[in-house]
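**Q** One structure, as structure tokens, below. Some questions next.
The values are calculated or read from the model by the stated rules, or taken from the named source; none is laboratory data. If you're wondering where the values come from, they're calculated on a predicted model, not measured in any experiment. Here Cβ is always computed from backbone atoms with ideal geometry, including for glycine, and neighbour counts include all displayed protein chains.
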Amino acid sequence: MLPELYNYWVVIVLMMIGFYIVIVQGNLIKKLIGLNIFQTSVFIFYISVGKVAGGSAPILAEGVSVYSNPLPHVLILTAIVVGIATMALALALVVRIKNAYGTVEEEELQERDLRC
Amino acid sequence: MLAGMVTVLSSACLLLGAFLIISGAVGVLRFPDFFTRMHAAGVTETLATTLILLGLMLFAGWTIVSFKLLLILLFILITSPVASHALTKAALHGNLQPLVNENNEQ
Amino acid sequence: MLAGIYGLLSASFFVSMDAVDVAFTEAAVGAGVFPLLMLTALTVTGRYEQTAHRRPRAAFFLVLVTGALLILGTLDMPPFGSPDAPAHTHVAARYIQVSPTEIGIPNMVTSVLADYRAFDTLGEVVVVFTAVVGVLILLTSGEQRQQSSPANAVETMRSHMILRVVSKMLIPLMLLFALYVQFHGDYGPGGGFQAGVIFAAAIILYAMLFGLAKAQAAIKPSILRLLAAFGVLLYGGVGVVSFLTGANYLDYSRLAADPVVGRHIGILAIELGVGITVAAAMILIFYAFAGYATGRAEAE
Amino acid sequence: MLIASAVAILVVMAMAIIRALLGPTIYDRILAVNLFGTKTVLLIAVIGFLFGRPDFLDIALVYALINFISIVGVLRYFEYSRNEEEGGSL
């Protein structure tokens, strides 16, 4: 039973690494990288769910009768591109924060906010 | 007869390529400084890639797959040395001195 | 830095999971565009950071507990790869069985993406478009500055003669390959999203090697903005046309006399819309970041 | 035979990651990432044959392209930031 679930565990380890980075790092850019790792772990989770043992890629071919589930693939395919677009938006925000505050460290930002 | 020969040939190509990339990786891991590592990686990479892709091509025979493999081979043959060159040049510009054997200088 | 490797690794994972299309996208996005964006943002924010971590012990504990709970949760999940997991027993079976005859294209991912779930995809494209609008609003306030002195815009790659010549050779091939991916998406892995990203990556390579000003002269940002909007419009427009033919919104079966052919046409059209939007969006985002970086460097 | 070369490529990729993590200079890391990228191309091609679905080759092709682009991008970034620092010190 246990070896059948290892894939999900890898996902969880990745997810927790991302989570840890988001919590611990004060640098906003590093937080975004952690967020990206988290995001990718979710992608991997979806794709793992979509896998069927012995199945092949969901492109019709002769002599193949078992296909993996195409639905998670579709969801993740769009999610990746949307993810990069939203990540770009987040980076743009960080860049503007740098411009306005002169720093991207969370603690310094809070200090400045308190002073105002 | 011919089919058997092709199989043997492609297997030989694959094995030789695998050996080469492993030796290259060992070089990358063990050599003392950046430029020697670059040598290990850059030199083996091209030949090993060619061999492995050639082996796969022999497997595939005359199909569109073979053509795609040829395209990949072409791309790697063009880009990989160029990337190595650019990297080395950047490293040299970045004031990274090659490790020179002191025995020769004496 | 290691994000690039990470992208490569996850893409090879997707390949082994049979998710060809996803691997395709992740290959282009995770390994190419994402690190580039990260690096361009880093040039603006600076590489240096303070390393004071806040309460790592507590965070580690929290993470450990959450992870343990999640692992406990997986014990109830169906075994990996089991064919009768709940995820495979609902609509997916129908997609796999019916789509080859109903839509007539071999790549099921494309048919689900562009036909059965066309609404979802429309939403995603609109999200991408909105994100680009947001990035542009945030970052293009310094546009006049960067236009005033294009002469000393990024020319750091001038010394790499070989790189420039080879790239000049490769870029047309990349654009060609992007078009192949775009229009081959119904037979093999590929489609609008991937093609858009590859196309954008080629243009970004050009911008990196020959300077932002030259790239912007070749492909004007104003045209790109129009194109990004046009892609979304094309997608929605196909829906309206299918509306007018008497079918439901985004139901292409009446675009041609034969429903299968009609669906094929519809899928190609909206994939084109997706491709145009994604390509324009990625190039615009890169322009915005790079333009901001150079504009700031000159202001200092 | 295919399996043997796939395993060999995997070993090489592991070595490349080790070098990327150790790498004393930034260029060592870039070199390792580059190595990793080309090996991924090969791995995808070989796996495509292993599974009998050569459709995967398109991905390998994308990889070959994207890998090159990202190496160029990373190089440009590091040269750019170095120039900036030099400009600042002058």
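**Q** Could you run through region C:188-227 and say how many residues are assigned to a helix (DSSP H, G or I) and within 14 Å of chain A (Cβ to nearest Cβ)?
**A** Result for region C:188-227: 11.
**Q** Consider region D:15-34. How many of its residues are at the interface with chain B (Cβ under 8 Å from one of its Cβ atoms), under 10 Å from the mean Cα position of the chain (by Cα) and under 14 Å from residue D:74 (Cβ atoms)?
**A** 4
**Q** Out of region C:201-242, which residues are without any contact (Cβ under 8 Å) to a residue 12 or more places away in the chain and among the charged types (D, E, K, R)?
**A** C:214, C:220, listed by residue number.
**Q** Across region A:84-116, which residue is surrounded by the most Cβ atoms within 10 Å (Cβ to Cβ) among those that are within 30 Å of residue C:113 (Cα to Cα) and at the interface with chain C (Cβ under 8 Å from one of its Cβ atoms)?
**A** A:88
**Q** From the list B:51, B:20, pick out the single residue that is within 17 Å of the chain's Cα centre (by Cα), closer than 23 Å to residue D:51 by Cβ and in contact (Cβ under 8 Å) with a residue 12 or more places away in the chain.
**A** B:51
**Q** So, one more: Could you please find all residues in region A:13-30 being assigned to a helix (DSSP H, G or I) and in contact (Cβ under 8 Å) with a residue 40 or more places away in the chain?
**A** A:28, A:29
**Q** Restricting attention to region C:95-123, and to residues there that are among the charged types (D, E, K, R) and modelled with pLDDT of 70 or more, which single residue is nearest to residue A:50 (Cα to Cα)?
**A** Within region C:95-123, the first condition is being among the charged types (D, E, K, R), and the residues that meet it are C:102, C:115, C:117, C:120.
Then keep just the ones that are modelled with pLDDT of 70 or more; that gives C:115, C:117, C:120.
On the way: C:115: 19, C:117: 17, C:120: 18 Å.
Restricting to residues being among the charged types (D, E, K, R) and modelled with pLDDT of 70 or more, the top hit is C:117.
**Q** Return only the number of the condition from (1) modelled with pLDDT under 80; (2) within 24 Å of the chain's Cα centre (by Cα); (3) over 18 Å from residue C:36 (Cα atoms) that residue C:144 does not satisfy.
**A** (2)
**Q** Need the failing condition index for residue D:59 against (1) under 30 Å from residue B:93 (Cβ atoms); (2) modelled with pLDDT under 80, just the number.
**A** (1)
**Q** State which residue is surrounded by the fewest Cβ atoms within 10 Å (Cβ to Cβ) when the search covers only region B:28-79 and only residues that are polar (S, T, N, Q) and closer than 11 Å to residue D:38 by Cβ.
**A** Going through the qualifying residues, I end up with B:46.
**Q** Just give me the residues in region D:19-40 being in contact with a Leu (Cβ under 9 Å, 6 or more places away or on another chain) and in contact (Cβ under 8 Å) with a residue 12 or more places away in the chain, in sequence order.
**A** Of everything in region D:19-40, those that are in contact with a Leu (Cβ under 9 Å, 6 or more places away or on another chain) and in contact (Cβ under 8 Å) with a residue 12 or more places away in the chain turn out to be D:19, D:20, D:30, D:31, D:32, D:33, D:34, D:36, D:37, D:39, D:40.
**Q** What number of residues in region D:44-64 are under 22 Å from residue B:38 (Cβ atoms) and facing chain C (nearest Cβ under 7 Å)?
**A** 1
**Q** In region B:57-87, which residue that is in a helix (DSSP H, G or I) and touching a Pro at 6+ places or on another chain (Cβ under 9 Å) is farthest from the other protein chains (Cβ to nearest Cβ)?
**A** Checking each candidate, the answer is B:64.
**Q** Just one of the numbered conditions (1) farther than 17 Å from residue C:287 by Cα; (2) of a type in the set (Ser, Thr, Tyr); (3) crowded, with 16+ Cβ neighbours inside 10 Å is not true of residue C:206; which one?
**A** Here residue C:206 meets the rest and fails (1).
**Q** Suppose we keep only residues that are among the β-branched types (Val, Ile, Thr) and closer than 16 Å to residue C:274 by Cα within region C:209-239. Which one would you say is surrounded by the fewest Cβ atoms within 10 Å (Cβ to Cβ)?
**A** C:232
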